[in-house]
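As structure tokens, the structure follows; a few thoughts come after it.
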Amino acid sequence: MELTKEQFKADFERMLSDYFTMDVEKSDLTEQYVTLGKLIGSYAAKEWRNTNQRYLEKGEKQVYYFSMEFLLGRMLKSNLFNLGILDTVRAGLKEMGMDLEALEQVELDAGLGNGGLGRLAACFIDSMATHAIPGHGNGIRFKYGLFRQKFVNGYQVELPENWLRNGNVWETRRLNKAVNVRFYGNVRLEKDASGHFVPHYENEEIVLAVPYDTPVIGYGDNTVNTLRLWSAEMPLEDANTEYHAFIQQQSRIESISEVLYPDDSNYEGRLLRLKQEYFFVSAGIQSIIRTYKKRGLPMSNLAEKVAIHINDTHPALCVPELMRILMDEEGMDWEPAWDVTVKVLSYTNHTIMSEALESWPTDMMAQLLPRIYQIICEIDRRYAEDMARLYDWDMIERTRVISGGSVKMAHLAIIGSHSINGVAKLHTNILKEKVLRDFYHIFPSRFNNKTNGITHRRWLLLSNEPLRSFIDSKIGKEWATKPTDLKMLEPFRRDENVLRQLAEIKQINKQRLADYIRKRTGLAVWTDAIFDVQVKRFHAYKRQLLNLLHILSLYFKLKDDPGADIYPRVFIFGGKAAPSYTYAKEIIKLINAAADLINHDPAVRDMLKIVFIENYGVSLAERIIPAADVSEQISLASKEASGTSNMKFMLNGAVTLATLDGANVEIRDLVGEDNIILFGLTDQEVFQYYHDRSYHSYDYYKKNPVLHRVLDALIDGSIPGVQAEGRDIFDSLIKYGDEFFVLRDFEDYALAQKKVDMLYRDPLKWQEMALINIANAGVFSSDYTVLRYAAEIWNVNSKTRLF
Ligand code: 26V
């Protein structure tokens, strides 16, 4: 948008005075932040209305991305940037005596997600708006985001994240668009005059779903899409209920949108979680159908105007809920309704970890969602009947929706969608060949790959301004919307001047992170050391433990030989463990204990430091990733569906140290073996081990003296304060078979780390690797990912042609 500095200053002062009856000198940071937020909202409002108007007039097909999680982070800077007024506003604020950086810090992260899956949803809505894809988010407005992590004596402690305590400047509550969602009760089907079965409900509990809309402002375009998050409230008429009963009912209802489940590693069949899933699915679909009906088209044409995407199985109840609305409320028969449902829906799988696969006990489902359960039974019955003509009974048993007394959510999503995708080439292949093999056999044409992506605007242009200006100066500015232009950096790979400047930029970012670390932890780190970073959720398969065991081996090497030739390193960790995931929490404690030991041992001086930064999240990632030299992507091959931090690090010029897992494989294909450091088992080797049952972790403990020493340190008191944890972890590796092949990959990992050490000593060579990584990272922009979803799955328009 067009905005002069003078206009902005006048607008700001007027808004501050209207809203807080204040002038700039007397206002505090929060008041200034809220004012700026409101002002940005008012700037975006016009385009928001226009976008909706345009969609309506052109009759464009709309996509709705249903996700339990949207991990948005802060929005102030990205909204300014996307509106094209970041520099103007920064300068205007400065002239009025304010500092944009300081205002940014006032905003609390919208942490409505666990990790990669939720952040992916946030990147997608940014990219959709930027490329004028008519795509909107649908989710839950959790009152509490993912818990805040604190370390007490090295242990993770979880605190509530009350992100709404200062209000939320970006959202608008739309009570007039609220819908009712039904739970419990009895349902009877009765024939109406025309012979249709109509459900009659008794004793149901009604929850009012109130939408809060947030504008999703596309970059450099006029498109402003909508993120609609639902909040659970008491229905208005219940205000006549007796006082105590009212309070009780209110708190039961409001608990639905109270808190995000913080466990992304283990499925738990908790009733409240099922309520949450149905709540946002039902509210979302009702509101979509209401909007669609304004077009005056028949329901049988729904798939021409609406696509609904199911982000993992959490919204898989879309299948029966859409069926319910089409049949019970719109009077369609089963077959045409099913036809429409499958055409409208598509589903993404995000994990092969069987512990995370959702399945709900049938009795729970029948009680909480009686009508939905009836429909699921009918879906299951018809599926079995259809398949019986083609396949044997075992095949049907393995793939049907209801089996063993529970509803299999992945099966429901697959049977009810026209498209099923994995999130990286390797992952999609594993789905086809192993995890979803039967389904691939039955519905081969439904399967496709859509490798994940990240919005390079947030993850480079906004979070790494020194690198952004440098790139602009070399290749112009078009890469903001055409990220493969970054490839134009590659010819500079031998330009010493360019490589030196890259090194300087990295140094600036490392210093900025070092200052933060100093302020937060009191620890001084040497910025000439290698910044070696592993930030992600804690999970055994991601193998933070492998990283730690190697650090311990370096420590012992230095203890034995103070003159050992090791290039100085700062090992940086960040990440949360699910509150009930004991093993992951023990690893956190172990890392903190090792940090205590190593950081305070004068024998290692500045050679080795461990920094575990508390409360990793989007805003911290924006600070840490630009400062990384090494990106640790060391999951056991086959376990990490894609990874997305791997892409963020690459984009910021870190060199990846990786197994051939998830999207690491595609990074390797792009940069070549010389510009990534690989190690470890391949997925095929892992599957072979499973098949042969031939892995014996003890052999590696026995054979490798370095590993022996390191493992003994877990139990012999060398690391103070981890008696119990050290023992559990030791046992997991030696006694219980080392499920994630940590010991098997240790030696290879240590060798790869040695290679990092050697390569880093040649600064120009290292920066050349960094440059090749940056130059090839454009491919991983979520801009391309969503354009592919739009063209190949959703069949919707965008302003950008892909090929
Ligand atoms: C699973 C569950 C299980 C039931 C209870 C709550 C809950 C919450 C979240 C999840 C998500 C697990 C799947 C997941 O996060 N997958 C990650 O998705 C990323 C985006 O596609 C991908 O990059 C990561 O590799 C993958 O682990």
- Message: Looking for something more than 15 Å from the ligand (Cβ to nearest atom), in a helix (DSSP H, G or I) and surrounded by fewer than 19 Cβ atoms within 10 Å (Cβ to Cβ) - is there at least one such residue anywhere in region 255-277?
- Response: yes
- Query: Checking THR800 against (1) more than 26 Å from VAL570 (Cβ to Cβ); (2) touching an Asp or Glu at 6+ places or on another chain (Cβ under 9 Å); (3) of a type in the set (S, T, N, Q); (4) at pLDDT 95 or above, which single condition isn't satisfied?
  - Reply: (4)
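Condition check ((1) without any contact (Cβ under 8 Å) to a residue 24 or more places away in the chain; (2) within 16 Å of the ligand (Cβ to nearest atom)) across all residues:
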{"residue": "MET353", "(1), (2)": "no, yes"}
{"residue": "THR362", "(1), (2)": "no, no"}
{"residue": "MET365", "(1), (2)": "no, yes"}
{"residue": "GLU385", "(1), (2)": "yes, no"}
{"residue": "ALA388", "(1), (2)": "yes, no"}
{"residue": "GLU397", "(1), (2)": "yes, no"}
{"residue": "GLY405", "(1), (2)": "no, no"}
{"residue": "LYS408", "(1), (2)": "no, yes"}
- Item | Yes/no for LEU93 being buried (at least 20 other Cβ atoms within 10 Å of the Cβ), away from the ligand (no atom under 15 Å from the Cβ) and within 30 Å of ARG14 (Cα to Cα) | yes
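Sort out which residues of region 295-322 are in contact with a helix residue (DSSP H, G or I) (Cβ under 8 Å, 6 or more places away or on another chain), in a loop (DSSP other than H, G, I, E, B) and not hydrophobic (A, V, I, L, M, F, W, C), and write them in order of number.
Of region 295-322, the ones in contact with a helix residue (DSSP H, G or I) (Cβ under 8 Å, 6 or more places away or on another chain) are 295, 297, 299-300, 302-303, 305-322.
Of the ones still in play, those that are also in a loop (DSSP other than H, G, I, E, B) are 295, 297, 312-317.
Scanning region 295-322 gives ARG295, ASP312, THR313, HIS314, PRO315.
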- Note on the structure: Filtering region 18-72 down to residues that are outside any helix (DSSP H, G or I) and away from the ligand (no atom under 16 Å from the Cβ) yields THR21, MET22, ASP23, SER27, ASP28, GLY59, GLU60, LYS61, GLN62, VAL63, TYR64
- Item | Residue pairs meeting the criteria (Cβ under 7 Å; at least 6 apart or on separate chains; first closer than 20 Å to MET365 by Cβ, in region 259-286; second near the ligand (Cβ under 8 Å from one of its atoms) and aromatic (Phe, Trp, Tyr)) | ARG273/TYR261
- Query: Are any residues in region 328-351 within 16 Å of the ligand (Cβ to nearest atom) and more than 21 Å from HIS418 (Cβ to Cβ), and if so, which ones?
  - Reply: THR351
- Is at least one residue of region 604-612 part of a helix (DSSP H, G or I) and touching an Asp or Glu at 6+ places or on another chain (Cβ under 8 Å)? no
- Query: So how many residues does region 44-90 have that are within 28 Å of the chain's Cα centre (by Cα) and under 30 Å from PHE12 (Cα atoms)?
  - Reply: 23
- Item | Total residues in region 323-339, condition touching a helix residue (DSSP H, G or I) at 6+ places or on another chain (Cβ under 8 Å) and in a loop (DSSP other than H, G, I, E, B) | 3
- Query: So TYR243 fits all but one of (1) under 20 Å from ARG173 (Cα atoms); (2) out of contact with any helix residue (DSSP H, G or I) (no Cβ under 8 Å at 6 or more places or on another chain); what number is the exception?
  - Reply: (1)
- Message: Against the condition of a type outside the set (Gly, Ala, Ser), surrounded by fewer than 21 Cβ atoms within 10 Å (Cβ to Cβ) and within 25 Å of ILE308 (Cα to Cα), how does ASN421 come out, does it pass?
- Response: no
- Task: Look at ASP532 and say whether it is in a strand (DSSP E or B) and acidic (Asp, Glu).
- Result: yes
- Residues in region 285-292: is at least one within 16 Å of the ligand (Cβ to nearest atom) and not in a loop (DSSP other than H, G, I, E, B)? no
- Query: Which ones in region 697-721 are surrounded by fewer than 18 Cβ atoms within 10 Å (Cβ to Cβ) and aromatic (Phe, Trp, Tyr)?
  - Reply: TYR698
- Query: Take the residues of region 410-463 that are of a type in the set (S, T, N, Q) and more than 26 Å from ASN646 (Cβ to Cβ): which is nearest to the chain's Cα centre (by Cα)?
  - Reply: SER417
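To keep it simple, each residue is scored yes or no on (1) modelled with pLDDT under 95; (2) part of a loop (DSSP other than H, G, I, E, B); (3) basic (Lys, Arg); (4) surrounded by 15 or more Cβ atoms within 10 Å (Cβ to Cβ).
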{"site": "LEU502", "(1), (2), (3), (4)": "no, no, no, yes"}
{"site": "ILE505", "(1), (2), (3), (4)": "no, no, no, yes"}
{"site": "GLN511", "(1), (2), (3), (4)": "no, no, no, no"}
{"site": "VAL525", "(1), (2), (3), (4)": "no, yes, no, yes"}
{"site": "ASP528", "(1), (2), (3), (4)": "no, yes, no, no"}
{"site": "ARG537", "(1), (2), (3), (4)": "no, yes, yes, yes"}
{"site": "ASN547", "(1), (2), (3), (4)": "no, no, no, yes"}
{"site": "LEU558", "(1), (2), (3), (4)": "no, no, no, yes"}
{"site": "GLY563", "(1), (2), (3), (4)": "yes, yes, no, no"}
- Task: For region 111-158, name all the residues that are closer than 19 Å to LYS77 by Cα, more than 14 Å from the ligand (Cβ to nearest atom) and either in contact with a Phe, Trp or Tyr (Cβ under 6 Å, 6 or more places away or on another chain) or of a type in the set (Lys, Arg) (or both).
- Result: THR130
- Task: Residue by residue through region 665-696, note down the ones that are touching a residue at least 40 places away in the same chain (Cβ under 8 Å), surrounded by fewer than 21 Cβ atoms within 10 Å (Cβ to Cβ) and among the polar types (S, T, N, Q).
- Result: THR682
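Yes/no per residue for (1) within 13 Å of the ligand (Cβ to nearest atom); (2) closer than 16 Å to GLU378 by Cβ:
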| position | (1), (2) |
| --- | --- |
| ASN301 | no, no |
| PRO315 | yes, no |
| MET323 | no, yes |
| LEU326 | no, yes |
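For (1) touching a Pro at 6+ places or on another chain (Cβ under 8 Å); (2) closer than 24 Å to GLU104 by Cα; (3) not small (Gly, Ala, Ser), each residue gets a yes or a no:
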| site | (1), (2), (3) |
| --- | --- |
| LYS143 | no, yes, yes |
| PHE147 | yes, yes, yes |
| PHE151 | no, no, yes |
| GLY154 | no, no, no |
| GLU161 | no, yes, yes |
| ARG165 | no, yes, yes |
| THR172 | no, yes, yes |
| VAL181 | no, no, yes |
| GLY185 | yes, no, no |
- Task: Return the only residue of ALA750, ALA724, ALA777 being in contact with a His (Cβ under 8 Å, 6 or more places away or on another chain), of a type in the set (A, V, I, L, M), surrounded by fewer than 22 Cβ atoms within 10 Å (Cβ to Cβ) and part of a helix (DSSP H, G or I).
- Result: ALA750
- Query: Within region 612-664, restricting attention to residues that are closer than 29 Å to ARG744 by Cβ and away from the ligand (no atom under 16 Å from the Cβ), which residue is surrounded by the fewest Cβ atoms within 10 Å (Cβ to Cβ)?
  - Reply: PHE612
- Task: Kindly establish whether ARG141 is among the charged types (D, E, K, R), closer than 27 Å to ASN592 by Cα and within 20 Å of the chain's Cα centre (by Cα).
- Result: no
- Of the criteria (1) within 30 Å of LEU260 (Cα to Cα); (2) surrounded by fewer than 18 Cβ atoms within 10 Å (Cβ to Cβ), which one ARG49 fails: (1)
- Message: Condition first: within 26 Å of LEU552 (Cα to Cα), β-branched (Val, Ile, Thr) and in a helix (DSSP H, G or I). Now tell me which residues in region 613-629 satisfy that.
- Response: ILE624, ILE625
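The values are calculated or read from the model by the stated rules, or taken from the named source; none is laboratory data. Note that the coordinates shown come from a computational prediction; the quantities given were computed from them, not determined experimentally. Using ideal geometry, Cβ is built from the backbone for each residue, glycine included, and neighbour counts are taken over all protein chains shown.
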